[in-house]
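Trainee: This is the structure I want to talk about, given as structure tokens.
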Amino acid sequence: MNSNLGIPKKLAMINDLTGYGRCSLAVAIPIVSTMGVQACPAPTSIFSNHMAFPTFHSTDYTEKLPEYLHAWVALDVFFDGIFCGFLGNCTQVDTICRFLDDQTLKNYPMILVDPVMGDHGRLYSSVSSDYVAAIRKLICKAHILTPNLTEACLLTGNAYPDSFPDDAFIPSGTFYKFLKEMAEELHRFGPGKVVITGLQKEDRFYNFVSTPDGTELISSMAGGPSRPGTGDIFASILSADALKDVPFTESVKKAAEFVRICTEGSAALNIPIKEGVCFENYLSLLTQL
């Protein structure tokens, strides 16, 4: 038995719990646990399966969430990091903002916000337009922000591009300049580290990284079609690495590579896209990448 590993850092994981479909907490918890971080989940909603299936059962946890989080505060439980994912309504955002304020009274946790609210240029049907303004209040408290392109546009009020130009991912190109300016707007809300995720052109994915040290576009091969849960995997890896002081750009590269491996393996196994990524087969790689 190795007694030199040390006490795992504690990460509060505020997200929905989905029983089937490999996304949200069902994916995030095993990811961070494998990476040697203690996962402490706080469910915002409970779903039988994600909403891309034709039917689902859900339980809204909005009314229960304040008491759930207050129990941690009453016990003087303070976290090394807090990962905020899908919240779903403005009331929950207010609850989480108060929780973050309570946590920072005696501690200074790393806070990562994955502003889950839309894709392909549109808001998800489950959230209102007021939710965007509420999320802007939340990201003011974040150190790391991981929006996709839709969410970055919604947060900054920019129009979603209909297509990527030929020079989209060349540093001297107009689209790169657009991403850089949008990242600068997101920094002004508060986060020191921003990554605009999952930009796809042909057979490659790109993640636009912006930190006080500059910007970088990280490219990786697409392992197959986009699947539910890839964003949860990506943000979970960044959260765990942040608590272990892994350089941010290195962490983004690791997350992108792990997503590629999982999606490629899922495609090879002919797993239906709605069933998410077969990450279970590759968890051991997280200690090697």
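Trainee: Any chance segment 79-96 includes a residue that's surrounded by fewer than 17 Cβ atoms within 10 Å (Cβ to Cβ), in contact (Cβ under 8 Å) with a residue 24 or more places away in the chain and in a helix (DSSP H, G or I)?
Mentor: Yes, the conditions are met somewhere in segment 79-96.
Trainee: With the requirement that a residue be hydrophobic (A, V, I, L, M, F, W, C), more than 17 Å from the chain's Cα centre (by Cα) and assigned to a helix (DSSP H, G or I), what does segment 233-271 give you?
Mentor: Correct list: 261, 267, 268.
Trainee: Looking at segment 133-157 only, could you name the residues that are surrounded by fewer than 19 Cβ atoms within 10 Å (Cβ to Cβ), within 16 Å of residue 93 (Cα to Cα) and of a type outside the set (D, E, K, R)?
Mentor: Answer for segment 133-157, where residues must be surrounded by fewer than 19 Cβ atoms within 10 Å (Cβ to Cβ), within 16 Å of residue 93 (Cα to Cα) and of a type outside the set (D, E, K, R): 133, 140.
Trainee: Condition (residue is of a type outside the set (Asp, Glu), over 26 Å from residue 33 (Cβ atoms) and in contact with a Leu (Cβ under 8 Å, 6 or more places away or on another chain)) applied to segment 67-83: is it met by at least one residue?
Mentor: Within segment 67-83 (the criterion being of a type outside the set (Asp, Glu), over 26 Å from residue 33 (Cβ atoms) and in contact with a Leu (Cβ under 8 Å, 6 or more places away or on another chain)), the answer is no, since none of the residues qualifies.
Trainee: Within segment 146-189, restricting attention to residues that are among the β-branched types (Val, Ile, Thr) and at pLDDT 85 or above, which residue is farthest from the chain's Cα centre (by Cα)?
Mentor: 174
Trainee: Among the residues of segment 268-289, which ones are surrounded by 15 or more Cβ atoms within 10 Å (Cβ to Cβ) and either among the hydroxyl-bearing types (Ser, Thr, Tyr) or within 26 Å of residue 51 (Cβ to Cβ) (or both)?
Mentor: Matches in segment 268-289: 271, 273, 274, 275, 276, 277, 278, 279, 282, 283.
The values are calculated or read from the model by the stated rules, or taken from the named source; none is laboratory data. Values in this document were obtained by computation on a predicted structure and should not be read as measured data. Quick reminder, even Gly has a Cβ in these numbers, built from the backbone with ideal geometry, and neighbours come from all protein chains shown.
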